[in-house]
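Here is the structure we will look at.
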Amino acid sequence: MASLITSSFSILLLLCMLKSTTASSNFSAIFAFGDSTVDPGNNNHLFTLFRGDHFPYGRDFPTHLATGRFSNGKIATDYLAQFLGLKDLLPAYFDPLVTVSDMVTGVSFASGGSGLDPNTVALARVLDLSSQLASFEQALQRITRVVGNQKANDILENALFVISIGTNDMLYNAYLMPATSRMIRYGSISG
């Protein structure tokens with residue numbers, strides 16, 4: 001819950017900063033990377049227990065259905081995409097219904113349960129940041145094939161990149177495995 005509040009506060013702060021600039025309408029796309037705070041349903045297509053495609057998720061979503069968002073409604077990047085006039089919802093890259101047309105204005109590559117620590121990702125069986133970036137490169141190749149190099153470069157140069165990651169690392173390392181955390185802190189485990 002605290003991570004969602006922190007993420008929402010960060011997005012709200014970003015919105016305020018964007019509102020104060022005249023360039024806010026110049027963003028071509030939003031590409032999101034990270035954990036559950038910005039995952040709109042990528043984990044629905046992974047073999048993991050970290051999924052938001054069931055009750056109680058989605059009950060306040062416009063369709064009242066769970067979409068894979070780890071929220072009872074929209075997530076911060078949905079509001080950001082809407083605020084910038086790009087689209088109503090930022091879709092999950094791994095959603096089989098997502099098209100290149102959707103990708104042109106942005107998608108999320110995030111994976112709920114992800115983190116920067118390899119142990120966090122291994123425990124959750126989700127996509128690490130490197131895998132998310134590799135998926136972004138694949139998406140960019142698909143976009144380029146459809147719109148051409150110049151238009152793809154324009155999209156990329158004017159895109160907003162959102163990264164929200166690290167909360168799960170804190171949860172696992174500081175709270176769920178405090179003995180390991182203490183050993184690392186006091187030099188018993190070299191990293």
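Structure summary
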read-out	value
Long-range amide H partners of Arg69 with built H, under 5 Å	none
Between the range 131-154 and the range 90-114, the alpha-carbon center distance in angstrom	13
The range 88-177 - percent relative contact order, Cα under 8 Å, separation 6 or more	28
For Gly106, distant residues with modelled amide H under 5 Å away	Ile30
Vicinal HN-Hα couplings computed from phi for the range 55-66 (Karplus, 6.51 cos²θ - 1.76 cosθ + 1.60; Hz; Gly/Pro x)	4, x, 4, x, 5, 9, 5, x, 8, 6, 10, 6
Surface accessible to a 1.4 Å probe, Asp95 within the full protein complex, Å²	50
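The values are calculated or read from the model by the stated rules, or taken from the named source; none is laboratory data. All values derive from a computational prediction rather than experimental measurement. We work out accessible area using only protein heavy atoms, side chains counted, and drop any ligands, DNA or RNA first. Shrake-Rupley method; radii C 1.70, N 1.55, O 1.52, S 1.80 Å.
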